[in-house]
Amino acid sequence: RLNTLDNNLSEEQLDFILHPINEPCYLKACPGSGKTEVVGVKAAYEISDWKDKFTGLAVLSFTKNAAKEIADRINKYSGHNASQHPHFIGTIDSWLHGYILHPLAHKLTKYNGNNNDKSYRLVDNEEKYDFLNPFKTTVSHKSFPRDAWVNEYYFECNDTLDIVTQSRHLDLSQIDPTVKEALQKNKKKFLKSGLATYADAEFLCYYLLKNKNTTLKSIVARFPIIIIDECQDLSNNQLEILNLLNSQGAIIHFIGDNNQSIYKFKKVYVEKINEFITDKNFTNRLLTQNFRSNQKIVNVSLGLEKYNTGNTPNQ
């Protein structure tokens, strides 16, 4: 099937598509370079020759629309059922929740479940629901007491158990140790009740994989190859999960452009993503041709990149 696409693919796109799947790779793709198409073709190319019925690719993006676009392209080039079992094409959240959080996290938190259902209920980090009142903690904020809601903060994925806030209105940098202990206690009670924010879910997945080596090995055996679309949007917690998976042998491919990172509120640290790429010896590939924007838009984008990074980008 790939032969029929050759006339429509650039040399840069083919270089990535034909890159060995067992060698980690970072495809730095400029805006308008046909990145989604290339990710779909790459996955379709690998799936078309996939022999194992019990292990598969995990192709992960950050939105349902992006995941659907990739799945549509895989099915187009490799057959109607190509994106189905044993492979997974979807969002990184749905993958973590479906394979780790819902079936396994209760063993970590001692959540007893409800009517034999031990899956977690996800809570938005900005909502102030009445059922969250029992988990509030009183803290001092700008010399005034205020309630810290349990979904405003989460445990960072580090060796030491530390809390980080997602709220611009909550400062935890100089809180009293007893208040910090109360925050942690309420968070643990929250998790034990079967509730979690999306950041909490990432922490639970990380902590489970870090402390349950058999689980870590099982996930890597099930998905030995992981492709991350829009890698510049990986949060620190997501990056730490990938680090654990890689330590057990998972081959990881990044696609995106770290200069396009937009999710500062998610605690995205571009320097850590770049460090991950370097430390894991990713092969660097490029998509430099913009098929979507005219030269004036490209010039503005290049100027913004230089302003934000201090580096003159390649043209």
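The values are calculated or read from the model by the stated rules, or taken from the named source; none is laboratory data. No experiment lies behind these values; they were computed from the predicted model shown. Here Cβ is always computed from backbone atoms with ideal geometry, including for glycine, and neighbour counts include all displayed protein chains. These area figures cover heavy atoms from the full protein model, side chains too; ligands, DNA and RNA do not enter into them. Shrake-Rupley method; radii C 1.70, N 1.55, O 1.52, S 1.80 Å.
For ASP72 and LYS280, FRET efficiency with R0 = 35 Å and r from the beta-carbon atoms, rounded to 0.05?
0.70
Report the relative contact order of the range 36-180, percent, no decimals, based on alpha-carbon pairs under 8 angstrom and at least 6 residues apart.
RCO, the range 36-180: 15 percent.
Would you calculate a helix-derived [θ] at 222 nm for the chain, using -39,500 (n - 2.57) for each DSSP H run of n ≥ 4 and dividing by the full residue count, to the nearest 500?
-12000 deg cm²/dmol
Order ARG121, ARG73 by their accessible area, 1.4 angstrom probe, all chains in place, largest first.
Listed by decreasing accessible area, they come as ARG121, ARG73.
Give me, ordered by chain and number, the residues 5 or more places off TYR26 or on other chains with an amide H under 5 Å from its own placed amide H.
PHE254, THR283, ASN284, ARG285
Under the definition of Cα pairs under 8 Å and six or more residues apart, what whole-number percent is the relative contact order of the chain?
26
Angle between the Cα long axis of helix 64-78 and the longest principal axis of the chain, 0 to 90 degrees, nearest 10?
Approximately 30 degrees, to the nearest ten.
Give the carbon-plus-sulfur fraction of the accessible surface of the chain in %, rounded to a whole number; probe 1.4 Å, heavy atoms of protein chains only.
47
Compute the distance in nm between two label points, each set 7 Å from the Cα along the Cα-to-Cβ direction, one at ARG168 and one at ASN133.
The two pseudo-label positions are separated by 2.9 nm.
Students often check this: by mean Cβ neighbours within 10 Å, which of 215-226, 126-137 ranks highest, and how do the rest follow?
Averaged packing, sorted descending, gives the order 215-226, 126-137.
For LYS185 and ASP117 in one chain, what is 0.36 nm times their gap in residues minus the Cα-Cα distance, to one decimal in nm?
22.1 nm
I'd like the antiparallel share, as a percent to the nearest 5, of DSSP beta bridges with both residues in the chain.
30
Considering Cα pairs under 8 angstrom that are at least six residues apart, work out the relative contact order of the range 104-248 and quote it in whole percent.
Reported relative contact order: 27 percent.
Within the range 185-226, which residues have the backbone N less than 17 Å from the label spot 7 Å out from GLN248 along Cα→beta-carbon, could you tell me?
The answer is 202-226.
Which whole-angstrom value gives the distance between the alpha carbon centres of the range 103-148 and the range 193-222?
18
For the pairs LYS118/LYS212; LYS64/LYS189; LYS189/LYS212; LYS64/LYS192; LYS35/LYS76, note any where the Cα-Cα span goes beyond 27 Å.
Over 27 Å Cα-Cα: LYS64/LYS189; LYS64/LYS192.
Probe radius 1.4 Å, ligands and nucleic acids left out: which of LYS180, LYS51, LYS110 has the largest accessible area, and how do the rest follow?
LYS51, LYS110, LYS180
With the cut-off at 1.5 for a/c, could you classify the range 1-77 from its C-alpha gyration tensor as rounded, prolate or oblate?
The shape class here is rounded.
Kindly sort SER193, SER247, SER33 by accessible area of their heavy atoms, largest first, with the probe set to 1.4 Å.
These residues rank, largest area first, as SER247, SER193, SER33.
Run through every distinct alpha carbon pair of the chain and return the Kirkwood hydrodynamic radius in angstroms, one decimal place.
21.2
Roll a 1.4 Å probe over the protein chains and send me the accessible area per residue for the range 1-75 in Å².
Heavy-atom accessible area per residue stands at 50 Å².
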